[in-house]
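Q: Shown below is the structure under consideration.
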Amino acid sequence: MSTHIFEYAPAPESRAVVDIKPSYGLFINGEFVDGHGTSFKTVNPATEEVLAEVAEATDADVDEAVKAARRAYTRVWSRMSGAERAKYLYRIARIIQERGRELAVLESIDNGKPIKESRDVDIPVVAAHFFYYAGWADKLEYSGYGSTPLGVAGQVIPWNFPLLMLAWKIAPALACGNTVVLKPAETTPLTALLFAEICQQADLPPGVVNIVTGAGDTGRAIVAHPDVDKVAFTGSTEVGKAIARAVAGTDKKVTLELGGKAANIVFDDAPIDQAVEGIVNGIFFNQGHVCCAGSRLLVQESVADEVMARLKRRMSTLRVGDPLDKNTDVGAINSAEQLAKIRELSEIGEAEGAERWSAPCDLPANGYWFAPTVFTGVSQAHRIAREEIFGPVLSVLTFRTPSEAVEKANNTPFGLSAGVWTDKGSRILSMANKLRAGVVWANTFNKFDPTSPFGGYKESGYGREGGRHGLEAYLKGADA
Amino acid sequence: MSRIDVRKTYKLYIGGQFPRSESGRSYIVNDAKGRLMANAAQASRKDARDAVVAARAAFGGWSGKTAYNRAQVVYRIAEVMEGRREQFEAELRASEGITAAKARTYVDAAIDRLVWYAGWADKLTQVVGNANPVAGPYFNLSTPEPSGVVAVVAPRGALLGLVSVVAPLIVTGNTVVVIASEQNPLTAITLGEVMATSDLPGGVVNVLTGSQAEIAPWLASHMDVNGIDLTGVEDEALATELEVAAADNLKRVRRPEPDTDWLAEPGLDRMTRFQETKTVWHPIGV
C-alpha cells in the first residue's frame, strides 16, 4: 500500500503576528499584577521551547480575585441592564474576530493543535459563543430560568481547547450578570492571558473577568473559596468527583463537564467512506484530546474488514507534524506527562492482547508526538476499551445486532457522546433513543455550535453548556 | 361482645411485592398520642440493594413507555387513591394527630398533585426541549430524558410530602427507591398498595421504611443509583455525608429542603433536576 502519492511543500503560518512576553502576571480587577506565588513555565509542545514564565496564583491571590469579582458584581455588573452587558459581549466577540489570526497562532503554539483546527474551528466557534450569549443578556426572562444571576463564578478549564473552553464558561456567565474568576490549565495559559488584554481593549469594567493562572492548588482554592457562588469545571472525572465532594453541604451551584469513552457505531449499511472520515474526525481531531472523542469504534461484523482496510489507508494519509504548518492534520501531544499516559495505556493494550497498528509516519525529533494508532481485537474488559486515553488511540470492537451495539455502547460509566452511522433513518432514531449519552451524532461527529447544548450522562458530569440550556447554570432558576 | 379488629401488617414495597425486611427486624410506630399503631418493617442494607435492583430492572420498560402511557398510569394512581381516600384520611389523623379537615386537605392535595404531574408527562419535553438553529446544515434536537434510578429521602408529611417527591420523578421516566418518613411510615405503605393496583409496573416505585440514617448512606454510595434527592434529610451533617458519598459515581443531587410548603403548586424543578438533556445531530442533505 502506497502511503504517499506525493508530498506537499511545507506551508508554515507566520509566528510574527504574535507577541509572546517573557513573563505574565495574574489578571485581577482589570490589571495585570505580580501575585504572591512563584511562577511556572509554559512550553511549546511541538518543540519543547519555553514560551513564557507564568505566575502561579496562591490562596491570597485567589482571594483577591474573588474580592474583585464580588465588588464588580455588586457595584457594576449585576446592576447593569442586560442590553448594556450585551454590548460588552458583542465588543469582545468582534475583537476576537479581528484578532482571530493572532489567537489561532498563539493557541497552536501553546497547545500543539494544528493551525487549520485552531483557525477554522476553535477561534470561529469562540467568537460565535460570545455573539450567541451576548444576544441572551437582554432576553433572559424568555429563557424559562428567570433572570437572577448567582454572583461570583469560579471556573476551571482544561488544556485541550483552551480558548474555546474559556468562551463556553465566560460568555454565558457574563450574559447572565455574573462575574468570574477563571483558571486556565497550567500547560495552556497564554490565550486566556491574551483574552485578558481583549477585555481591557473592550473596556470591560474591572473585576468582571479575573484570570488566575496556576495548577491544581490554585483550582482547589477557587472551588473552596467561601465567596464563590458557582463552580464550573471541565476536565477529568477524577477531579470532578473531588469537586463534587468539596462543595457538599454548601450552597454552591455546580456544573461538571467530565470524561467520556464514546462509542462510534458503524452499521453495515453505512456510507463507508463517510463513516471512515467520521471515525478519523472522531478520534484524531485535536490529537484525540477531546472528552467526547469517538474512542471506541463499534463496527458491524459483516463490514469490519472493509472498514478497517479503508480506515488504515486513510490513517496513512494523515500528516503528523508542525502544528503551524497549514497542511498538518495531527499536531503535538500537549505535554510530556500526557504523552507518558498515552504510551502507558497503549502498552497495556498490547499486554492485554489487543493488536496495535500505527500509521507509518516520521515524527519530529523534539517535542511530544504520538502516531495515530488503532487497536483491533479489543474486548470490553480491556482497559483501552474502558478508560479514557485522551490521545489519538482508537479501540475497535465488533457487534452483530443493533441491540448488541446498544449494550456495548452503554456498557461504560461514562455517557458523554456517541456516534451512529447508518443509511436507515428509523435505525438512527431508534439508536439515538437508546444510547445513554448527552450528545448523539448521527452520520457526523464532533460537531459543536453555541446554540446546541453539550454535556454528559452518568459519570461524564452534570449540567449542560451551550444553547438555552447553558443559561440554567448561571441563573437562580424560575423555580428556585 | 365487641368484634376483635383485624390489624394490618405493614411491610416493605419492593419490585411490586410486599416483603418483610430480610433482616427480620421491625420497629414500633406510635400514633400522635404515643399509643402503638403498628410494627413497621425496618429495612436493612440488603433491602435497599434489592430495591435498587428492582428499580434498575424496571427502568428500561418504564422509561421506554410513551409519555402518554406514563400519564395514564400516574392518573390511575390518583383514581385509585380517590377511591380509598377515607382510609388515607383516617391513617393521617391517627398517625399525625391532625383534624379531619386538615387530613382532607392533605389527601385532596396529594391526589390533585398526582393529576397535575400526570398532565406533565407529555408536555415537559415540549417546554424544556429545543430545536437548535446551528450554523450549518444539521438537524439538531435537544430532548430531556430520565437520569435512571433515583433514591429519595422523603420528607415528613407522610402522604403529601411523599407524593410530591415521587410523582415528578416517575412521571418523567425515572424509577425510584424512596425511604419513607421515619416517624410516619404507614401511609407510605398504604400508598404502595395503591400503586401496586394502579397499573404501575413493579419496581418503578420501591418504598423502604426504617431508619433514614441507616439506609440512606447505602443508597448514596450505591454505584447503580444515578441520582439522590435529599429533600427529607433534616440532619445537616448526614446530608453532607450523603452528598459526599454521592460523588463516588457523580449522582445528581438535590439538596435538603425541610421547610418546603407542600401545599403550594410546585414548579418544574422537581422534574427537571433528575433529567438529562440529549442532543441529536444529523446532517441535512439530499
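The values are calculated or read from the model by the stated rules, or taken from the named source; none is laboratory data. Just so you know, these numbers come straight off a predicted model, no measurement behind them. Counting neighbours? That spans all protein chains shown, and the Cβs are built from the backbone with ideal geometry, glycine included. Just the protein is used for accessible areas: all its heavy atoms, side chains included, with ligands, DNA and RNA removed. Shrake-Rupley method; radii C 1.70, N 1.55, O 1.52, S 1.80 Å.
Q: Only bridges with both residues in the protein assembly as shown count here: give the DSSP antiparallel percent, nearest 5.
A: The answer is about 35 percent antiparallel.
Q: Right, here's the next one. For B:VAL286 and B:GLU22, compute 0.36 nm times the residue count separating them, minus their Cα-Cα distance, and round to one decimal in nm.
A: Net length gain for the segment: 89.0 nm.
Q: I would also like to ask the following. Over all alpha-carbon pairs of the stretch A:270-345, lay out the pair-distance distribution in 5 Å bins, whole %, shortest bin first.
A: Binned Cα distances yield the sequence 3, 14, 21, 24, 19, 12, 6, 2, 0.
Q: Also: Enumerate the amide H contacts of A:VAL43 below 5 Å, restricted to partners 5 or more residues apart or on another chain; note that Pro and chain-start residues carry no placed amide H.
A: A:LEU51
Q: Looking at chain A, which longest stretch skips every one of the GluC sites (Glu not before Pro) that is in a DSSP loop with at most 12 other Cβ atoms within 10 Å, leaving the sites themselves out?
A: A:50-480
Q: Where the centre of each part is set by its Cα atoms, how far does the stretch B:1-33 sit from the stretch A:179-247, in angstrom?
A: 54
Q: Something else about it: Using the Karplus equation 6.51 cos²θ - 1.76 cosθ + 1.60 (θ = phi - 60°), what ³J(HN,Hα) coupling, rounded to whole Hz, does each residue of the stretch A:355-369 give in order, writing x for Gly and Pro?
A: Karplus values, whole Hz, x for Gly and Pro: 9, 9, 9, 10, 5, x, 7, 8, 9, x, 6, 9, x, 10, 9.
Q: So what is the relative contact order for chain B, in percent, with contacts set as C-alpha pairs under 8 Å and at least six apart?
A: Result for chain B is 24 percent.
Q: Where the accessible area of the stretch A:439-480 is counted over protein heavy atoms with a 1.4 Å probe, how much of it, in %, is carbon and sulfur?
A: The value for the stretch A:439-480 is 50 percent carbon and sulfur by accessible area.
Q: Wrap a convex hull around the Cα atoms of the stretch B:152-235, take a quarter of its surface area, and give that in square nanometres.
A: With every direction weighted equally, the projected area is 5.2 nm².
Q: Any number yet on Rg/Rh for the stretch A:226-316, C-alpha, Kirkwood?
A: My calculation of the ratio gives 1.21.
Q: Specify the inter-centroid distance of the stretch A:93-111 and the stretch A:296-313, based on alpha-carbon positions, in whole Å.
A: Cα centres, the stretch A:93-111 to the stretch A:296-313: 37 Å.
Q: Let me make sure I get this right: for the stretch B:102-246, a, b and c are the square roots of the gyration tensor eigenvalues over alpha carbons, sorted descending. Under 1.5 in a/c it's rounded, otherwise prolate if a/b > b/c, else oblate. Which is it?
A: Here the stretch B:102-246 falls in the oblate category.
Q: Another question, then. Given Cα pairs under 8 Å that are at least 6 residues apart, what percent is the relative contact order of chain A?
A: After rounding, I find 19 percent.
Q: Send over the semi-axes of the stretch A:322-480's equivalent ellipsoid, whole angstrom and largest first, taken as the square roots of 5 times the C-alpha gyration tensor eigenvalues.
A: Equivalent ellipsoid semi-axes, largest first: 30, 23, 16 Å.
Q: Assigning unit charges at the beta carbon (Lys, Arg +1; Asp, Glu -1) and nothing else, what dipole magnitude in debye, to the nearest 20, does the stretch A:133-205 show about its Cα centre?
A: So the magnitude is around 160 debye.
Q: Also: For the stretch B:1-127, what does the alpha-carbon gyration tensor say about shape, rounded, prolate or oblate, given a ≥ b ≥ c as the root eigenvalues, a/c under 1.5 as rounded, and a/b over b/c as prolate?
A: In terms of gyration-tensor shape, oblate.
Q: Ok, one more. For the stretch A:239-377, max minus min Cα coordinate along each principal axis, in Å, sorted largest first?
A: Rounded to whole Å, the extents work out to 54, 41, 34 Å.
Q: Per residue of A:442-452, what is the mean number of Cβ atoms on other protein chains within 10 angstrom of that residue's Cβ?
A: Whole-number average of other-chain Cβ neighbours for A:442-452 is 5.
Q: Return one whole number: the accessible area per residue of the stretch B:180-230 in Å², for a 1.4 Å probe.
A: 24
Q: Additional query: Can you give me the long-range amide H partners of B:ILE228? Hydrogens built in the peptide plane at 1.01 Å from N, cutoff under 5 Å, separation of 5 or more residues or another chain.
A: The list, which skips near neighbours in sequence, is B:ALA151, B:ARG252, B:VAL253, B:ARG254.
Q: Still on this structure, I have one more. DSSP beta bridges in chain B, what fraction antiparallel, as a percent rounded to 5?
A: Around 55 percent antiparallel, to the nearest 5.
Q: Something else now. Of the options B:PHE88, B:THR105, B:ASN69, report the single residue whose Cα projects farthest towards the positive end of the charge dipole of the stretch B:62-109 (beta-carbon charges: Lys, Arg +1; Asp, Glu -1).
A: B:ASN69
Q: Moving on to the next point. With +1 on each Lys and Arg Cβ and -1 on each Asp and Glu Cβ, and nothing else charged, work out how big the dipole of chain B is about its Cα centre, in Debye to the nearest 20.
A: It works out to roughly 620 debye.
Q: For the stretch A:438-444, in order, what is each residue's ³J(HN,Hα) by Karplus, 6.51 cos²θ - 1.76 cosθ + 1.60 with θ = phi - 60°, in whole Hz (x at glycine and Pro)?
A: The phi angles translate into x, 10, 10, 9, 10, 6, 6 Hz.
Q: Which three lengths, in whole Å and largest first, does chain A cover when its Cα atoms are put on their principal axes?
A: The Cα atoms of chain A stretch 65, 50, 36 Å along their principal axes.
Q: Suppose a student asked you for the relative contact order of the stretch A:1-129, using Cα pairs under 8 Å spaced at least 6 residues apart; what percent would you report?
A: For the stretch A:1-129, the relative contact order is 23 percent.
Q: Quick one: dipole size for the stretch A:363-433, taken about the Cα centre, charges +1 on Lys/Arg Cβ and -1 on Asp/Glu Cβ, in debye to the nearest 20.
A: 120
Q: How far apart, in nanometres, would the label points at A:GLU31 and A:TYR142 be if each is projected 7 angstrom from Cα along the Cα-to-Cβ direction?
A: 4.1
Q: Next up: Kirkwood-based Rg over Rh for the stretch A:128-245 (C-alpha set), two decimals?
A: That ratio equals 0.96.
Q: In whole angstrom, and with the biggest value first, how far do the Cα coordinates of the stretch B:214-286 range along each principal axis?
A: 60, 34, 15
Q: According to the Cα gyration tensor, what semi-axes, each the square root of 5 times an eigenvalue, does the equivalent ellipsoid of chain B have, listed from largest to smallest in whole Å?
A: Ellipsoid semi-axes (Å, largest first): 34, 21, 17.
Q: State which entries of B:LYS33/B:LYS102; A:LYS253/B:LYS65; A:LYS476/B:LYS123; A:LYS253/B:LYS102; A:LYS326/B:LYS278 exceed 27 angstrom in Cα-Cα distance in the structure shown.
A: The pairs that break the limit, which is 27 Å between Cα atoms, are A:LYS253/B:LYS65; A:LYS253/B:LYS102; A:LYS326/B:LYS278.
Q: Let me ask you something else. Could you run the Karplus curve 6.51 cos²θ - 1.76 cosθ + 1.60 with θ = phi - 60° over the stretch A:319-334 and give me ³J(HN,Hα) per residue in whole Hz, x for Gly and Pro?
A: Once θ is set to phi - 60°, the couplings for the stretch A:319-334 become 9, 9, x, 2, x, 7, 6, 5, 8, 6, 9, 10, x, 8, 5, 4 Hz.
Q: Under 16 Å from the 7 Å Cα→Cβ point of A:GLU404, by amide nitrogen: which residues of the stretch A:260-283?
A: A:265-269
Q: Which value at 222 nm does chain B reach when only helices count, each DSSP H run of 4 or more adding -39,500 (n - 2.57), with the total divided by all residues and rounded to the nearest 500 deg cm²/dmol?
A: -13500 deg cm²/dmol
Q: So what's the projected area for the stretch A:367-414, the Cα convex hull averaged over all directions, in nm²?
A: 4.0
Q: Now a separate question. Rounded, prolate or oblate: which fits the stretch A:1-142 when a ≥ b ≥ c are the square roots of the eigenvalues of the alpha-carbon gyration tensor, with rounded for a/c under 1.5 and prolate only if a/b beats b/c?
A: oblate
Q: Here's a follow-up. Just to check, using Stokes-Einstein with a Kirkwood Rh over alpha carbon pairs, what's the diffusion coefficient of the stretch B:245-286 at 20 °C and 1.002 mPa s in µm²/s?
A: 151
Q: Which value, in square angstrom to the nearest 100, describes the accessible area buried between chains A and B on both sides, using a 1.4 angstrom probe?
A: The A and B chains share an interface burying roughly 3100 Å².
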